[in-house]
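Okay, so here's the structure we're looking at.
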Amino acid sequence: MSHDHDDRPGLNAAQAEAALNPPPGRVGGDLVTETLQGLGAATVFGVSGRPAPGLSGALRRSALAYVELGAENNAAFAADAYGRITGEVAVLLLTAGPGALAALPALQEAAAASAPVLAVCAQVPAAGLGGRRHGHPRELRDQQASFREVVKSVHPVRTASQIPSAIAAAWESALTAPHGPVWVEIPEDVLRAETVLPPVSALDATPRELYPRPELTLVAADLLARAARPAIIAGGGVVRADATGKLRALAERIAAPVATTYGGKGAFPWEHPLSLRSWPGDPRVTELLEAADVLLVVGSGLGALSSGGHTFAPRGRVVQIEADAGKLESNHPALGIHSDAREALDALLDAVEPREDATAADRVRTTLEAAPDPAAAAQGPGPDAAQGLSPDARVLAAVRAALPDTAPSFWDLTPLTTRAWSAFDTRRPNTMHSAQGAGGSGYALPSATGAAFADPTTPVLAVTGEDDAPHTAAELTTARRYGLPVTWLIVDGDGDRGDGGDGGDGDHEDRDGGPDALRPDLVALAESLGVPALRSTPASLATDLTTALPAPGPSVIVLRAR
């Protein structure tokens, strides 16, 4: 059989010479770094010190930049953020056993956010695998089992020759919709052992495209064109697929109001006449969506955070576009279309007939006017109430005024964050991120660190509650060591209470001797690490942020929101 052409990758003269005469002194770890470089990686994340046996020397011999954080979970959060910001595979290097297990919460967050993270983890020597228990350090009975229910795919390696193919397969899996974290596991003795295998070259890990079935597209287009009251809910899948322009074009063609989930913030312009902004937030917006006779849900499974704790009850026909097949119709019966959001929206634009409705924008405006801003409502007596703004609203307004439109922000779960989900105008897609899959504290600062490596020319904001700040304060040393433009805003955890609701000065009763007395002086802590820090108030926050964000290197602002 003959072929007109052959698309298989080939070797140039230098690669052919290296293949026939491999350079001496290489080990299994070199096959890892060579494969990663061949696939396009430039930066890898790990912890300070030795990343894994056999990899330290290989990293020195490679062109890869190894970013060292203080703990495995923080390194995984940094990789997650790097993957979210760049849309490229973020590489994470982990040691066996406890080091790997420490990264589990961050990998769960990456899975929830569909962040393409490739974790390369060491394993005990091959002789200790397969049920045999030799008592190796960091030995687990079945390390893979701890990760199978978290990551998208698992790729075990047992010999050096398996390394390039396993990493390439994992890379392809991470970038195939839906994106997600993947796991490669390599025994320590395989990483350390010398190899005579030739340098890795001619790799191909092109992700598979996920197109909608044409008959489903035709049905969905017909439903949307004939609908009397269509509406759209846009989730994070729209942002990850870079499909915001196509979403806007479709909404305008069929005159459909658009609401975004928390993960989909920025998927649709905040001030657009058809924009219902972030949802869920107000029962009036929920009612408009529930009353739609055809509801198009794009890039969302309508999980608990995106449906008011599963209370959302659409009464019309639902059309759901989702790259994760497991999320199709998982919460509501629908015309389920298994597809990447960009490909499906593109197909709908080709198939749907324009729909005229001069009243759609009026209905949106009436709904928003009747739905109070969740962050702007006054919260008790005091000067903030006199201005018609809650303390949270003043803080969010200050952040919005100071933060450049292109600057990403990362938020720990605080009362301020829950209001920002509904009330904060991101202005650009893929710029506001918070931990929604694994929850917990300690997400914001290490994630902001990873984002700064993705684009060191753009300032990054991390927002953390005062009680949670000590959990990750050590990563200030990482930001300082690399000179990263990360501004860490630490907000008094009770800032949402205004003046404390008791007419007093807002301080805790036990300020002098209770739990508050155990809180560290975060300004002094930052300064002891060589990081500029100051105390701020809602009145001065916009100015303080405007000064700190463009300054070189990291900075800390501790906000007393009362």
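Name the pairs: first residue in the stretch 98-125 and more than 17 Å from Gly46 (Cα to Cα), second residue assigned to a strand (DSSP E or B), Cβ to Cβ under 6 Å, at least 6 apart or on different chains?
Cβ pairs passing all conditions: Pro125/Pro187.
Filter the stretch 291-303 for residues that are within 24 Å of Ala225 (Cα to Cα) and out of contact with any Phe, Trp or Tyr (no Cβ under 7 Å at 6 or more places or on another chain) and give the result.
Matches in the stretch 291-303: Ala291, Ala292, Asp293, Val294, Leu295, Leu296, Val297, Val298, Gly299, Ser300, Gly301.
Out of the stretch 325-341, which residues are open to solvent by 50 Å² or more (accessible area, probe 1.4 Å) and either outside any strand (DSSP E or B) or without any contact (Cβ under 8 Å) to a residue 12 or more places away in the chain (or both)?
Passing the criteria: Ala325, Gly326, Lys327, Glu329, Ser330, Asn331, Pro333.
Considering only the stretch 226-260, how many residues are open to solvent by 30 Å² or more (accessible area, probe 1.4 Å) and part of a helix (DSSP H, G or I)?
The total comes to 9.
Within the stretch 306-315, identify whether any single residue is in contact (Cβ under 8 Å) with a residue 40 or more places away in the chain and in contact with a Lys or Arg (Cβ under 7 Å, 6 or more places away or on another chain), and answer yes or no.
no
For the stretch 510-519, indicate whether the set of residues that are at pLDDT 65 or above, part of a loop (DSSP other than H, G, I, E, B), surrounded by fewer than 21 Cβ atoms within 10 Å (Cβ to Cβ) and acidic (Asp, Glu) is non-empty.
no
Which ones in the stretch 370-404 are open to solvent by 30 Å² or more (accessible area, probe 1.4 Å), modelled with pLDDT of 95 or more and not in a helix (DSSP H, G or I)?
Pro404
For Ser56, all conditions in the list (1) touching a residue at least 40 places away in the same chain (Cβ under 8 Å); (2) among the polar types (S, T, N, Q); (3) more than 22 Å from Ala169 (Cα to Cα) hold save one; what is the number of the exception?
Unmet condition: (1).
Hey, can you tell me all the residues within the stretch 55-71 that are hydroxyl-bearing (Ser, Thr, Tyr) and outside any loop (DSSP other than H, G, I, E, B)?
Within the stretch 55-71, Ser56, Tyr66 meet the criteria.
For the stretch 139-151, give me each residue that is open to solvent by 80 Å² or more (accessible area, probe 1.4 Å) and at pLDDT 80 or above.
Result: Arg148, Glu149.
Identify all residues within the stretch 536-562 that are open to solvent by 70 Å² or more (accessible area, probe 1.4 Å) and more than 25 Å from Thr457 (Cα to Cα); write none if there are none.
Of everything in the stretch 536-562, just one residue is open to solvent by 70 Å² or more (accessible area, probe 1.4 Å) and more than 25 Å from Thr457 (Cα to Cα), namely Ala539.
Considering only strands (runs of 3 or more DSSP E) fully contained in the stretch 405-474, which possess at least 2 residues that are open to solvent by less than 10 Å² (accessible area, probe 1.4 Å) and touching a residue at least 24 places away in the same chain (Cβ under 8 Å)?
Passing ranges, in order: 409-411, 460-465.
Only one of Gly46, Gly38 is farther than 22 Å from Glu475 by Cβ and either at pLDDT 75 or above or acidic (Asp, Glu) (or both). Can you tell me which?
Gly38
Go through the stretch 277-291 and report how many residues are open to solvent by 10 Å² or more (accessible area, probe 1.4 Å), assigned to a loop (DSSP other than H, G, I, E, B) and farther than 17 Å from Arg315 by Cα.
Total satisfying the criteria: 2.
Looking at the stretch 59-84, which of its residues are over 23 Å from Pro98 (Cα atoms) and surrounded by fewer than 24 Cβ atoms within 10 Å (Cβ to Cβ)?
If the condition is that a residue be over 23 Å from Pro98 (Cα atoms) and surrounded by fewer than 24 Cβ atoms within 10 Å (Cβ to Cβ), then Arg60, Arg61, Ser62, Ala63, Leu64, Ala65 are the ones that fit.
Conditions (1) closer than 16 Å to Phe77 by Cα; (2) in contact with a helix residue (DSSP H, G or I) (Cβ under 8 Å, 6 or more places away or on another chain); (3) modelled with pLDDT of 90 or more, marked per residue:
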residue: Thr406; (1), (2), (3): no, no, yes
residue: Pro415; (1), (2), (3): no, yes, no
residue: Ala448; (1), (2), (3): yes, yes, yes
residue: Leu476; (1), (2), (3): yes, yes, yes
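Can you tell me which residue within the stretch 152-200, out of those that are farther than 30 Å from Glu343 by Cα, in contact with a strand residue (DSSP E or B) (Cβ under 7 Å, 6 or more places away or on another chain) and in a helix (DSSP H, G or I), is most open to solvent (accessible area, probe 1.4 Å)?
Checking each candidate, the answer is Arg192.
Tell me, yes or no, whether the stretch 265-276 has at least one residue that is open to solvent by less than 20 Å² (accessible area, probe 1.4 Å) and of a type in the set (S, T, N, Q).
Yes; the residues of the stretch 265-276 include at least one that is open to solvent by less than 20 Å² (accessible area, probe 1.4 Å) and of a type in the set (S, T, N, Q).
Return the only residue of Glu209, Glu215 being surrounded by fewer than 21 Cβ atoms within 10 Å (Cβ to Cβ), among the acidic types (Asp, Glu) and without any contact (Cβ under 8 Å) to a residue 12 or more places away in the chain.
It is Glu215.
The values are calculated or read from the model by the stated rules, or taken from the named source; none is laboratory data. These numbers were taken from a predicted model, which means no experiment stands behind them. Cβ coordinates were reconstructed from backbone atoms using ideal geometry, including for glycine residues, and neighbour counts include every protein chain displayed. Heavy atoms of the whole protein, side chains included, go into the accessibility calculation; ligands, DNA and RNA do not. Shrake-Rupley method; radii C 1.70, N 1.55, O 1.52, S 1.80 Å.
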